[in-house]
Amino acid sequence: MRFAFLILLSLSPSLIAAPALPPDNRATVEALRQAAEFLETADIDPDELAGLWCKVAELRHRIGDRRGAIKAIERACEIVEGVGGGPREWRPMLLACARMGETDKALELAGHFPEDGNNVPEERGFMLWRAVREAARAGRFRVAEEIADRNEHEDFWLISWQEIRSLEIVARFKKGDTEAAIRMAMALPTAWGKLWALVGTPTDQPADDITELDDSIADMQLLANDKAGARRSAMTALALIPDLGPGEKPSAVVAVIRILCLLDDIREARKVMVRYLDARPRKENYWNDELLARSHLAAAEVRAGRDEAALAFLKDFDRPEDQAFLLQVIALDQARAGRREVSTMNFARAIERAALADDRDPYLSGIIEAQALAGDFDGATWTAQYFRCGLLLEKIIFLQSKTGDFDGARMIFHTIPSDRYWIGNILPQIARMQGAAGQPAAVREWAAKLDDPRRRAAVLIGLAEGLCQSPGKPGGK
């Protein structure tokens with residue numbers, strides 16, 4: 001089976017990055033040097049410390065300092081080994097090595113994961129698949145292939161190869177080779193693989209922005225304003241649906257509807273929904289397909305200025321959480337269309353319904369994220385704090401930093417009780433975006449005022465990432 005599958009895969013050779021002149025990263029090197037000093041002397045939780053060393057390693061690798069990168073990974077390994085860490089603690093090093101293209105080290109670290117067990121995310125097959133995905137997303141397709149071939153779990157081996165080829169197709173498209181990308185997509189051995197490459201896969205997470213572009217060919221065509229090409233991709237994918245298995249069809253239908261709605265082709269999207277989804281019996285385990293299809297249509301109706309048509313979908317669902325999700329989608333697109341007053345009203349209705357759900361947290365999380373995406377950071381923060389959805393504050397801080405309001409993002413951070421997760425994940429994000437926005441001096445000033453060496457190290461690592469330049473670009477100051 002594997003031999004035949006690999007013959008088909010060999011039709012598409014791996015991408016090879018073009019050589020480039022090394023950039024000037026002196027500011028990055030200095031920030032990393034200062035961060036390393038704090039990491040070596042501060043009293044930091046071992047898990048957090050190992051994770052920060054992994055960040056240092058990846059930045060060292062990005063600027064061409066492979067020796068420094070390996071040294072940082074080895075330091076992280078020493079820390080985890082010293083406390084007798086289990087699979088969860090070894091995960092950051094494995095994934096960092098995959099992203100850096102350090103195949104041998106990644107495979108060595110995979111030995112810390114059991115071949116099987118009660119917890120799938122800690123099994124070796126699952127983690128090798130995760131490593132493949134990280135390597136492929138970093139554009140290291142040959143590394144991803146080598147790791148995939150060492151995966152002895154049949155299902156994860158197959159998924160790994162499908163993901164490699166799908167991401168490679170997207171990379172081809174991004175490099176401007178559209179025809180080759182489409183040929184590669186249609187040469188994939190399964191109908192599902194072809195469809196995945198053409199239109200992507202729909203999210204089933206209520207916290208995601210359903211209008212955000214993905215990495216499929218159709219998404220890339222939309223990003224390039226090639227609406228005719230995106231429509232061709234969607235219709236080609238639609239023609240593949242009859243070849244799918246019963247368990248694959250619903251998600252594929254939603255994926256096609258998503259692209260058609262992003263094209264504002266509401267009529268065709270409704271036809272697809274009626275043909276494939278409305279005739280199916282209503283079963284609780286299928287609610288995501290029907291809800292997601294209608295949410296994409298509702299967003300398109302709002303963009304067309306037909307709020308009543310969007311709100312009419314609410315009557316198709318009885319559960320308050322389903323109605324909350326639809327209202328969240330509608331409110332976000334109303335805000336983006338400049339209809340702030342009615343958007344605020346529908347966000348309030350969404351919160352009211354989500355609060356009635358048995359498992360309300362995922363739906364409240366989605367609403368909070370949508371409020372932040374709509375630019376209502378005060379409203380999002382209030383909702384998160386009132387319902388104690390503290391983890392969503394990270395997303396709010398990220399989105400607020402993305403708008404350039406770094407002081408506002410820091411103010412939200414200071415309302416959070418000190419915790420290693422917040423320090424190691426949020427502070428570097430703020431520092432990275434502010435440094436990349438041309439304000440490294442402000443980040444250095446911020447770092448200098450911090451008494452906690454953990455926080456200083458985290459901010460300096462974020463600054464280093466913000467200043468880290470791609471090949472051929474000038475360095476930061």
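The values are calculated or read from the model by the stated rules, or taken from the named source; none is laboratory data. Please read these numbers as outputs of a predicted model, since none were measured by experiment. No Cβ is skipped: glycine too gets one built from the backbone with ideal geometry, and neighbour counts run over all protein chains shown.
Key figures
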| quantity | calculated |
| --- | --- |
| Unmet requirement for ARG339, which otherwise passes all of (1) closer than 24 Å to ILE397 by Cβ; (2) crowded, with 16+ Cβ neighbours inside 10 Å; (3) of a type outside the set (Ser, Thr, Tyr) | (1) |
| Residues that are at negative phi and either of a type in the set (Lys, Arg) or in a loop (DSSP other than H, G, I, E, B) (or both), drawn from the range 219-247 | ALA224, ASP226, LYS227, ARG231, ARG232, LEU244, GLY245, PRO246, GLY247 |
| Cβ pairs under 7 Å, 6+ apart, first in the range 223-242 and over 15 Å from VAL272 (Cβ atoms) and among the charged types (D, E, K, R), second modelled with pLDDT of 95 or more and outside any helix (DSSP H, G or I) | LYS227/LEU263 |
| Residue satisfying all of: in the range 186-202; more than 22 Å from the chain's Cα centre (by Cα) and under 19 Å from VAL256 (Cα atoms); surrounded by the most Cβ atoms within 10 Å (Cβ to Cβ) among these | LEU188 |
| Subset tally (residues that are over 14 Å from SER343 (Cα atoms), small (Gly, Ala, Ser) and surrounded by fewer than 18 Cβ atoms within 10 Å (Cβ to Cβ)) for the range 300-321 | 3 |
| Lone qualifier among ARG353, ARG340, ARG319 - being under 21 Å from GLN400 (Cβ atoms) and without any contact (Cβ under 8 Å) to a residue 60 or more places away in the chain | ARG340 |
| Number of positions in the range 311-338 that are more than 20 Å from LEU262 (Cβ to Cβ) and not polar (S, T, N, Q) | 13 |
| ALA380 among the hydrophobic types (A, V, I, L, M, F, W, C), at pLDDT 85 or above and within 21 Å of the chain's Cα centre (by Cα) | yes |
| Residue in the range 341-357 that is farther than 24 Å from ILE416 by Cα and outside any helix (DSSP H, G or I) present | yes |
| Helices (runs of 4 or more DSSP H) contained in the range 65-115 and holding at least 1 residues in contact with a Pro (Cβ under 6 Å, 6 or more places away or on another chain), without any contact (Cβ under 8 Å) to a residue 40 or more places away in the chain and of a type outside the set (D, E, K, R) | 66-82 |
| Residues satisfying the stated conditions in the range 448-460, i.e. free of Cβ contacts under 8 Å to residues at least 24 places away in the same chain and in a helix (DSSP H, G or I) | ALA448 |
| From the options ILE210, ILE182, ILE164, ILE217, residue that is of a type in the set (Val, Ile, Thr), under 30 Å from ASP359 (Cβ atoms) and either in contact with a Pro (Cβ under 7 Å, 6 or more places away or on another chain) or buried (at least 16 other Cβ atoms within 10 Å of the Cβ) (or both) | ILE210 |
| One residue from TRP161, TRP192 being in a helix (DSSP H, G or I), under 30 Å from ASP322 (Cα atoms) and either aromatic (Phe, Trp, Tyr) or in contact with a strand residue (DSSP E or B) (Cβ under 8 Å, 6 or more places away or on another chain) (or both) | TRP192 |
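Residue by residue, here is whether (1) loosely packed, with under 15 Cβ neighbours inside 10 Å; (2) under 24 Å from the mean Cα position of the chain (by Cα); (3) over 26 Å from ASP215 (Cβ atoms); (4) aliphatic (A, V, I, L, M) holds:
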{"position": "ASP65", "(1), (2), (3), (4)": "no, no, yes, no"}
{"position": "GLU78", "(1), (2), (3), (4)": "yes, no, yes, no"}
{"position": "PHE126", "(1), (2), (3), (4)": "no, yes, no, no"}
{"position": "ARG130", "(1), (2), (3), (4)": "no, yes, no, no"}
{"position": "GLU134", "(1), (2), (3), (4)": "no, yes, no, no"}
{"position": "ALA138", "(1), (2), (3), (4)": "no, yes, no, yes"}
{"position": "ILE147", "(1), (2), (3), (4)": "no, yes, no, yes"}
